[in-house]
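The structure appears below as structure tokens.
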Amino acid sequence: MKFFEILQYLSLITILIAAFKYRSSSLSIFFGLLALNDIIGFVLWTFFSISGQSSWIPIFYLILFSTNKSFIKKWKIYILFGLILILLLNQYSTVKIQQYFVLMINVIIMFLFLRLLITEFVQKDEFRILYLILTLYQLLIIFNLMQFIRDLKIGLDIYFAGIIGIILIHIFLIVLKEDAFINIKKIYKS
């Protein structure tokens with residue numbers, strides 16, 4: 001078994017466990033869609049030798065809205081209409097357009113988590129560790145996507161390091177309590 005395949009299996013297993021753990025949380029759709037994306041990519045590559053990239057645009061379009069369940073409920077008709085347009089874009093776009101679209105979506109998602117992190121900090125002088133970890137997670141995904149888009153010749157070692165970082169974040173998410181906070185007032189008092 002190749003090193004890349006081992007990383008692929010570990011990533012798939014860890015995101016599935018994380019999705020199962022967060023199945024009743026406010027981010028259940030987010031984790032479920034991440035797991036679905038990995039499953040689709042795994043099945044397409046393993047059984048058909050097709051890149052999982054063909055599912056990226058519709059999945060990441062849905063992931064964009066998955067951080068806010070009430071938004072999905074309120075705007076579901078428009079989101080579904082947008083999904084039809086996204087499926088057309090996916091069908092008739094080039095690989096580069098797909099990569100740039102997914103990069104743009106991941107940057108937006110990173111800023112959504114960063115906004116949640118900062119909002120809690122400003123309002124409560126504490127921040128949820130989950131949002132910090134998910135912001136870092138998005139940064140790693142963006143870093144790996146940029147390697148593909150820009151065809152960076154920095155080598156597989158850096159790419160593998162990014163994947164290993166993602167797996168470690170999956171593991172951290174599995175053991176992390178969803179409501180774990182860091183209270184800034186307590187840090188300043190000590």
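The values are calculated or read from the model by the stated rules, or taken from the named source; none is laboratory data. Owing to the predicted nature of the structure, the values given are computational and were not obtained by experimental measurement. As a convention, Cβ positions derive from the backbone with ideal geometry for all residues, glycine included, and neighbour counts pool all protein chains shown. With ligands, DNA and RNA removed, areas are computed over all heavy atoms of the protein, side chains included. Shrake-Rupley method; radii C 1.70, N 1.55, O 1.52, S 1.80 Å.
Scanning the stretch 121-130 for residues that are open to solvent by 20 Å² or more (accessible area, probe 1.4 Å) and in a helix (DSSP H, G or I) yields a total of 5. Being closer than 24 Å to Ile171 by Cα and open to solvent by 80 Å² or more (accessible area, probe 1.4 Å) is a property that holds for Trp45.
Filtering the stretch 87-136 down to residues that are without any contact (Cβ under 8 Å) to a residue 12 or more places away in the chain and under 22 Å from Ser51 (Cα atoms), which residue is nearest to the chain's Cα centre (by Cα)? Among those that are without any contact (Cβ under 8 Å) to a residue 12 or more places away in the chain and under 22 Å from Ser51 (Cα atoms), it is Met104. Taking the criterion of being in contact (Cβ under 8 Å) with a residue 12 or more places away in the chain and aliphatic (A, V, I, L, M), the residues of the stretch 71-86 that qualify are Ile72, Ile79, Leu83, Ile86. Restricted to the stretch 143-158, and to residues there that are under 17 Å from the mean Cα position of the chain (by Cα) and open to solvent by 40 Å² or more (accessible area, probe 1.4 Å), the residue that is modelled with the lowest pLDDT is Phe148.
Of a type in the set (Val, Ile, Thr), over 20 Å from Ile141 (Cα atoms) and exposed (fewer than 15 other Cβ atoms within 10 Å of the Cβ), is that true of Ile86? No.
The set of residues from the stretch 56-71 being part of a helix (DSSP H, G or I) and among the hydroxyl-bearing types (Ser, Thr, Tyr) comprises Tyr61, Ser70.
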